[in-house]
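Everything below concerns the one structure shown next.
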Amino acid sequence: KFQVNTGKLKLQAPAVSETAFLTTPSQAIHNASWEVYLQMDFNPSSANYAKIYLTSDQPNLSGALNGYFVKAGNATREVSLYRQNGMIETKIIDGPDDRINLAIVKLKIKVTRNAVGAWQLFSDVGLSGNYVLEGTFTDINHTSSSYFGIHCTYTATRSDKFWYDDLIVTGTVVPDTTPPTIQTVTILSQQQVRVIFSEPVEQTTSQNGNNFLVVNLG
């Protein structure tokens, strides 16, 4: 659904109403900065808008995930920062309405987050060369990241009208020194036990039965 065209990343999807996304591994979140150029060859609406996922714990940006994203467009034609918990989206920086109420949107977005969770959202509409501060907010709901990505929501007539360029992501990773703990154990059958951990665990070792001991306490 995407291709590189004249040096820019372009949505080139079938002419149907749908969504499309791309992700790449990224652990940047502490003392981090994200920049991206976004062009939409249309006036955004509730059916045609872009999301830039700064952080996500899942590669599928159309499903349930935990992370943060910038939404450009929607019905209010604004640039705003959201936190996502599962499928619940919460606006944490509300940019001015009609900020990108334009026939063709050419926009640079910059977001920063420091080590204690203070977010800043900037935008440069029309590529003036000067960023405008959309707002600030402190949020530490999510403190790790696995992916960065872009997400497009579009109708059939807008399936080839999103452009991205100049993506720059910087930041540091805080080592995870706290081991996972078992939260619940549920007996499903005589041969199956469901174990829920406090955080995601490494797949290969967590699925190796030799790493577990089941003790009959009955």
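Subtracting the Cα-Cα distance of residue 98 and residue 196 from 0.36 nm times their residue separation leaves 30.8 nm of extension gain. Sorting 98-107, 183-192 by their mean Cβ neighbour count within 10 Å, with the most densely packed peptide first, gives 98-107, 183-192. For the chain, the carbon plus sulfur part of the accessible surface works out to 52%, probe radius 1.4 Å. Backbone phi angles across the stretch 41-49, fed through the Karplus curve with coefficients 6.51, -1.76 and 1.60 (θ = phi - 60°), yield HN-Hα couplings of 7, 5, 7, x, 8, 5, 10, 9, 7 Hz in residue order; Gly and Pro are listed as x. The base-10 log of I(q)/I(0) for the chain, evaluated at q = 0.11, 0.18 Å⁻¹, reads -0.60, -1.27 [Debye formula, identical scatterers on Cα atoms, solvent excluded].
A Förster distance of 41 Å, applied to the separation of the beta-carbon atoms of residue 90 and residue 189, puts the FRET efficiency at 0.60.
By the compact-protein rule of thumb, 2.2 N^0.38 Å, the alpha-carbon radius of gyration of the stretch 57-104 corresponds to a ratio of 1.25. Evaluated at q = 0.22, 0.27 Å⁻¹, the base-10 log of the normalised Debye intensity for the stretch 140-186, with identical point scatterers placed on the Cα atoms, takes the values -1.01, -1.18.
Among 37-47, 10-20, sorting by the average number of other beta carbon atoms lying within 10 angstrom of each residue, highest first, gives 37-47, 10-20. Set against the 2.2 N^0.38 Å expectation for a compact globular protein, the stretch 1-116 has a Cα radius of gyration ratio of 1.07. Here the Karplus curve 6.51 cos²θ - 1.76 cosθ + 1.60, taken at θ = phi - 60°, turns the phi angles of the stretch 27-37 into couplings of 9, 5, 7, 8, 6, 9, 9, 10, 9, 7, 9 Hz, with x standing for Gly and Pro. Size descriptors for the stretch 119-166: radius of gyration and Dmax over Cα atoms are 15.1, 39 Å.
Quick one: which of 110/161; 1/91; 91/161; 10/91; 8/91; 10/106 span more than 19 angstrom between C-alpha atoms? Over 19 Å apart, Cα to Cα: 110/161; 1/91; 91/161; 10/91; 8/91.
Stretched out fully, how many nm does the piece from residue 212 to residue 128 gain, at 0.36 nm a residue minus the Cα gap?
Full extension from residue 212 to residue 128 adds 24.3 nm.
The values are calculated or read from the model by the stated rules, or taken from the named source; none is laboratory data. What you are looking at is a predicted structure, and each value in this text was computed from that prediction instead of being measured. Note: ideal-geometry Cβ built from the backbone for every residue, glycine included; neighbour counts use all protein chains shown. SASA here: full protein model, heavy atoms, side chains in, ligands and nucleic acids out. Shrake-Rupley method; radii C 1.70, N 1.55, O 1.52, S 1.80 Å.
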